[in-house]
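Notes follow the structure.
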Amino acid sequence: MDTKKHNRNIIEQFSKQAEGYTSITSHSDALEKLIKMSSAAGEDTVLDIACGSGIVSCAFAKYTSHVTGIDMTPEMLNEARKLQAKRNLQNITWEIGDVTSLPYADDHFSIVISRFGFHHFLDPFQVLNEMKRVCKPNGVVMVVDVSLPESKIEKYNKMERNRDSSHVAALSLTTLSTLFKKVGIDKLEKDNYFMQIELNEQLQASFPEDKTALKNMILQDIGVNDLGINATALNGHVYLHYPIYIFSGKKP
């Protein structure tokens with residue numbers, strides 16, 4: 001896939017999604033879990049990779065010295081600034097940039113995190129290697145994203161590419177573990193949770209290629225779970241349960 005074309009698609013997609021992204025309440029789930037796993041405190045400096053609308057950055061800013069959020073979509077950073085202002089946080093810097101070649105010195109941040117970005121990356125190894133490079137020795141490198149069994153990834157990817165054409169691929173637990181080992185971070189902590197989103201809420205915040213086909217694909221998966229999101233009907237609503245995994249390791 002052509003990198004420039006893919007990046008343009010990301011910007012196009014998230015320019016449209018920007019306003020609705022933060023309004024999905026479950027996007028703010030488990031933030032305290034991330035902070036606890038990272039041991040974020042006091043003098044820590046944090047880099048939030050593909051920071052989007054700043055949900056993670058603003059959460060970490062309450063506990064640390066400074067947070068830098070980097071993303072390639074200006075509209076998402078505009079939403080991040082709104083969230084920062086709403087929470088009256090002064091210790092955050094927002095920057096436009098490409099996460100495959102980070103504009104920071106080696107050994108610069110004590111915590112480097114990416115949440116919900118890795119399934120958009122054409123070369124997740126390159127991004128993780130860059131995250132390690134800019135992290136201080138004994139600092140924390142953390143990746144948080146949907147992860148599924150190999151048997152469900154193909155159908156999940158088909159669904160997600162319809163919902164968001166900038167989606168590349170969900171990564172299995174084995175693939176994520178292998179990536180960390182390849183970059184030289186092998187003492188990993190892992191945790192997980194399920195992010196519940198009501199179907200219509202998800203559709204309203206998305207810009208799928210074929211909304212009817214996407215909705216039907218999900219409705220037909222209720223009680224089947226070939227897609228890996230355990231679509232469930234309850235009291236006239238359909239809820240999706242995205243399996244989110246947290247990988248956290250320390251740079252040697």
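Numbers at a glance
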| read-out | value |
| --- | --- |
| Number of the exception - Arg8 against (1) open to solvent by less than 50 Å² (accessible area, probe 1.4 Å); (2) closer than 27 Å to Pro208 by Cα; (3) among the charged types (D, E, K, R) | (1) |
| Complete set of residues in the stretch 199-222 that are at pLDDT 95 or above, in a loop (DSSP other than H, G, I, E, B) and surrounded by fewer than 19 Cβ atoms within 10 Å (Cβ to Cβ) | Gln220, Ile222 |
| Residue within the stretch 216-224 that is of a type outside the set (Phe, Trp, Tyr) and either in contact (Cβ under 8 Å) with a residue 60 or more places away in the chain or touching a Pro at 6+ places or on another chain (Cβ under 8 Å) (or both) present | no |
| First in the stretch 41-52 and farther than 12 Å from Leu102 by Cβ, second anywhere and in a loop (DSSP other than H, G, I, E, B) and open to solvent by less than 40 Å² (accessible area, probe 1.4 Å), Cβ under 6 Å, 6 or more apart | Asp44/Thr64; Val46/Thr64 |
| Of the criteria (1) outside any strand (DSSP E or B); (2) modelled with pLDDT of 95 or more; (3) out of contact with any Lys or Arg (no Cβ under 9 Å at 6 or more places or on another chain), which one Asp186 fails | (2) |
| Residue within the stretch 38-50 that is out of contact with any Phe, Trp or Tyr (no Cβ under 7 Å at 6 or more places or on another chain), part of a loop (DSSP other than H, G, I, E, B), more than 21 Å from His119 (Cβ to Cβ) and hydroxyl-bearing (Ser, Thr, Tyr) present | yes |
| Pairs, first touching a residue at least 40 places away in the same chain (Cβ under 8 Å) in the stretch 69-89, second assigned to a helix (DSSP H, G or I) and among the polar types (S, T, N, Q), C-beta under 7 Å, six or more apart | Met72/Asn7; Thr73/Ser15; Glu75/Ser15 |
| Wholly enclosed strands (runs of 3 or more DSSP E) of the stretch 56-169 bearing at least 1 residues open to solvent by less than 10 Å² (accessible area, probe 1.4 Å) | 66-71, 109-115, 135-146 |
| Test: residue in the stretch 121-132 that is of a type outside the set (S, T, N, Q), more than 18 Å from the chain's Cα centre (by Cα) and closer than 23 Å to Ser38 by Cα | no |
| Output for the stretch 139-167, where each listed residue is touching a Leu at 6+ places or on another chain (Cβ under 6 Å) and of a type outside the set (D, E, K, R) | Ser147, Tyr156, Met159, Asn162 |
| Count - residues of the stretch 215-228 that are more than 21 Å from the chain's Cα centre (by Cα), under 14 Å from Asn157 (Cα atoms) and not charged (D, E, K, R) | 3 |
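The values are calculated or read from the model by the stated rules, or taken from the named source; none is laboratory data. Quick caveat, the model's predicted, so the values are computed rather than measured. Positions of Cβ are generated from backbone atoms using ideal geometry, with glycine treated the same way; all protein chains shown enter the neighbour counts. The protein model used for the area step is the full one, side chains on, heavy atoms only, and it has no ligands, DNA or RNA in it. Shrake-Rupley method; radii C 1.70, N 1.55, O 1.52, S 1.80 Å.
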